[in-house]
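Engineer: I have a structure I would like to understand better, so I am pasting it below and will then ask my questions one at a time.
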Amino acid sequence: MALFTDFGYTDEQKMMRESLLRLAADTLPPARIRELDREGAWPHEAYQALAKAGWLGLLYPERYGGLDGSYKDLVVLLETLSYHYACLGTTYMTSPIYAGLQVLHNGSEELRRDYLVPMLRGELYFAFALTEPQTGSDAASIKTHARRDGGDYVLNGQKWFITSAHVADWLVVVVKTDPSADPPHRGFSLLFVDARAKGVTIRPIETLGRHTTHTNQIFFDDVRVPARCLLGEENRAWKQLMRGLNLERVAIAACGAGNAQKAVEIASDYARQRVQFGQPISRLQVIAHKLADMRIKAEVARLVTYRTAEMMDAGVDARMETAIAKVVATENDFQCADIGMQVMGGAGYSMEHDMQRLFRDSRLGPIGGGSNEIQRNIIAKLMDL
Ligand SMILES: Cc1cc2nc3c(=O)[nH]c(=O)nc-3n(C[C@H](O)[C@H](O)[C@H](O)COP(=O)(O)OP(=O)(O)OC[C@H]3O[C@@H](n4cnc5c(N)ncnc54)[C@H](O)[C@@H]3O)c2cc1C
């Protein structure tokens, strides 16, 4: 088995999927993925191969070396990468999508030339820092602040759970620049911060899964940030952040849809081979139904994700659909891994097989990127409840 049908793809999207699958197989064979997961090591080879092939610029304008791709193209790419390995999708989302697009949309031409173009070539890596120890879902309550001092901002505070910050060269950091703003989010700005600047300390946080892209705590202690590194207008960051939300949700959904398909594949292959009571367990109706349920969940995850991307490409307001896609794809992904583990019995629970990794990695989906409770709040609000 492999990824589900490519029905509805353009010829370019079909070629993209084939080429990404080859690239992922060559640079990250299964044994290497297991090794990276065990060691908590970052997938540098695969990321560099993506950069070399030009994929980091998929959503970027040609003038910066990009491919001017569509949202559906991005969904095809992320689904494919995450099907191969969930964390490969995350490495991609973090720098070119979460952090990089803020520089594209809000950075000066000088910042784009000096940092964005090298990032798209794989020479620099960016991470995105919003969450703080006291502030997750309630993002408008962040405390990290920056005050203007001559030609610089002076940055103090802490960020928490910042994916891949330990390998990042630059950080896109959400800070408070007007402490008296009411409501507080009208006083937020975005700063582009050198991850190796004096006063920046980055420490890893141990987590259940996502070991290779792992997540970090960042301390900012009187960090001087040149004023030219302000992204967009001072105190206008909230609006800038809201602009990226639909894309973030559909991107997370695409990763969930890809990972879910891998869970179906692993569990089905195992069930066909595992013999109990004289027959493969896949012939037991109760197991076959579990596998059918996994297939349904994975199919629904990708259908809702593709349709949402198509709506976004058509310029239709898709706030409701992106929230739905994020909930459905991430919950179906985790449920596929959970059912897959049951199908595989003790083997699913053992570290000898990959299902436990899919189970651990997929558990993040309903928590991160705006938890699924927050997505349901958004859906309920848009329903005028
Ligand atoms: C592995 C990992 C990687 C991450 N990477 C990044 C990153 O790169 N950059 C970044 O900025 N952040 C990152 N995050 C942070 C992530 O976005 C937050 O964890 C997430 O937004 C939830 O915030 P919280 O963990 O503080 O939970 P809390 O906000 O404390 O929520 C706890 C629980 O309460 C629920 N809850 C809270 N408020 C409401 C409400 N109003 N209505 C209903 N339920 C509610 C939540 O849904 C959740 O179930 C990452 C997190 C993890 C675990």
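Readers should treat all values here as calculations from the given coordinates under stated rules, not as data from a laboratory. From a predicted model like this one, the values you see are computed outputs, not experimental measurements. So basically every Cβ, Gly included, is an ideal-geometry build from the backbone, and we count neighbours across all protein chains shown.
Engineer: Quick one: net charge of residue 287's neighbours, Cβ under 15 Å, K/R +1, D/E -1?
Structural biologist: With Lys, Arg at +1 and Asp, Glu at -1, the neighbours total +2.
Engineer: Take peptides 65-76, 142-153 and line them up by average Cβ neighbours within 10 Å, highest first, as a rough protection proxy.
Structural biologist: Listed from highest to lowest mean packing, they are 65-76, 142-153.
Engineer: Using only Cα atoms and rounding to the nearest 10 degrees, what angle (0 to 90) does helix 11-27 make with the longest principal axis of the chain?
Structural biologist: For helix 11-27, the angle is close to 90 degrees.
Engineer: Would you kindly calculate the translational diffusion coefficient of the chain, applying Stokes-Einstein with the Kirkwood radius from alpha carbon pairs, for 4 °C and a viscosity of 1.567 mPa s, and quote it in µm² s⁻¹ without decimals?
Structural biologist: Value of D from the Cα-based Kirkwood radius: 60 µm²/s.
Engineer: Then there is this: Expressed in whole Å with the largest first, what are the equivalent ellipsoid semi-axes of region 126-233 derived from the C-alpha gyration tensor as the square root of 5 times each eigenvalue?
Structural biologist: Working from the Cα gyration tensor, I get semi-axes of 23, 17, 10 Å.
Engineer: Output the pairs from 52/159; 290/326; 262/326; 72/239; 52/326; 14/297 with a Cα-Cα distance over 20 Å in this structure; if there are none, say none.
Structural biologist: Beyond 20 Å between Cα atoms: 52/159; 290/326; 72/239; 52/326; 14/297.
Engineer: A further question follows. Report, please, the projected area of region 244-382 averaged over directions, based on the convex hull of its C-alpha atoms, in nm².
Structural biologist: Averaged projected area of region 244-382's Cα convex hull equals 8.5 nm².
Engineer: Mind pulling the angle between the C-alpha long axis of helix 285-313 and the longest principal axis of the chain? Nearest 10 degrees, somewhere in 0 to 90.
Structural biologist: 30 degrees
Engineer: Quick one: work out the % antiparallel among DSSP beta bridges in the chain, nearest 5.
Structural biologist: Percentage antiparallel, nearest 5: 85.
Engineer: Mind telling me which of 229, 255, 336 comes out most flexible in a GNM of the chain, alpha-carbon contacts under 10 Å?
Structural biologist: 229
Engineer: Could you tell me the distance between the Cα centroids of region 142-208 and region 246-320, to the nearest Å?
Structural biologist: Answer, in whole Å: 37.
Engineer: If I take every Cα pair under 8 Å that is 6 or more residues apart in the chain, average their sequence separation and divide by the length, what percent do I get for the relative contact order?
Structural biologist: 16 percent
Engineer: Okay, next question. Where does the chain land at 222 nm, in deg cm²/dmol rounded to the nearest 500, when only DSSP H runs of n ≥ 4 count, each adding -39500 (n - 2.57), divided by all residues?
Structural biologist: For the chain, the value works out to -15000 deg cm²/dmol.
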